[in-house]
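One structure, pasted below without further comment.
The values are calculated or read from the model by the stated rules, or taken from the named source; none is laboratory data. Everything numeric in this text was worked out from a predicted model, so none of it was measured. When we count neighbours, we look across all protein chains shown, and the Cβ atoms used for this are built from the backbone with ideal geometry, even at glycine.
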Amino acid sequence: MRLPTPICFMSMSAPPPSAVLIAVLTLSIPALAENNVVPACVYTTMDSQPATPLHNYQGKVVYLDFWASWCGPCVESFPFMNQLHTDLHSQGLEVVAVNLDEDLADGQAFLAQHPPKFTVVADADQQCARQLALKAMPSTYLIDRKGIIRATHLGFRAGEAAEFRKTVEAVLKEAP
């Protein structure tokens, strides 16, 4: 069974028809929230090669962001994630963006228009998206140095992003 496409918050364009189903299907599935260990997910690179597993980032703070090419707010979030990477990578932040497009060519075309400075992987079978019970696009999980989800954020809005950045900075300042 394919995971329905999550609703895209603040999008200027309509999500695919399957996005409407997510509201109904996720009502009884709690999203993985703060203070939970991030699931062991298997990602690939955007050219379908094995990617570095999340557990290899233990000891670093991970900004894990799920996105898709059709998501308007995802376009807005890429400059923010580029800036986070530029400003905070040297302090131990790893930005990992997970593409959920069914056709990787759509994600690759998006990346050609919005080049990332950070790691981009694909969740081709949407296994991790199901485990996290994604409810919106983009969906962001802040994972501390021990692999614990410390914060989540649904959608992307500039004002909220500035607040979420403060949370990222606070987790980075915690002792390893």
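Would you say Leu64 is at pLDDT 95 or above and part of a strand (DSSP E or B)? Write out each step before concluding.
Working: at pLDDT 95 or above: yes; part of a strand (DSSP E or B): yes.
For Leu64, the condition - at pLDDT 95 or above and part of a strand (DSSP E or B) - is met.
Sticking with this structure for a sec: Identify all residues within region 153-174 that are surrounded by fewer than 18 Cβ atoms within 10 Å (Cβ to Cβ) and either acidic (Asp, Glu) or closer than 19 Å to Val37 by Cβ (or both); write none if there are none.
Listed by number, the residues that qualify are Glu160, Glu163, Thr167, Glu169, Glu174.
May I pose another question? Do the conditions hold for Glu163, that is, is it charged (D, E, K, R) and touching a Lys or Arg at 6+ places or on another chain (Cβ under 7 Å)?
Values: charged (D, E, K, R): yes; touching a Lys or Arg at 6+ places or on another chain (Cβ under 7 Å): no.
In short, no.
Is it true that Gln108 is touching a Cys at 6+ places or on another chain (Cβ under 9 Å) and surrounded by fewer than 22 Cβ atoms within 10 Å (Cβ to Cβ)?
Values: touching a Cys at 6+ places or on another chain (Cβ under 9 Å): no; surrounded by fewer than 22 Cβ atoms within 10 Å (Cβ to Cβ): yes.
So Gln108 does not fit the description; no.
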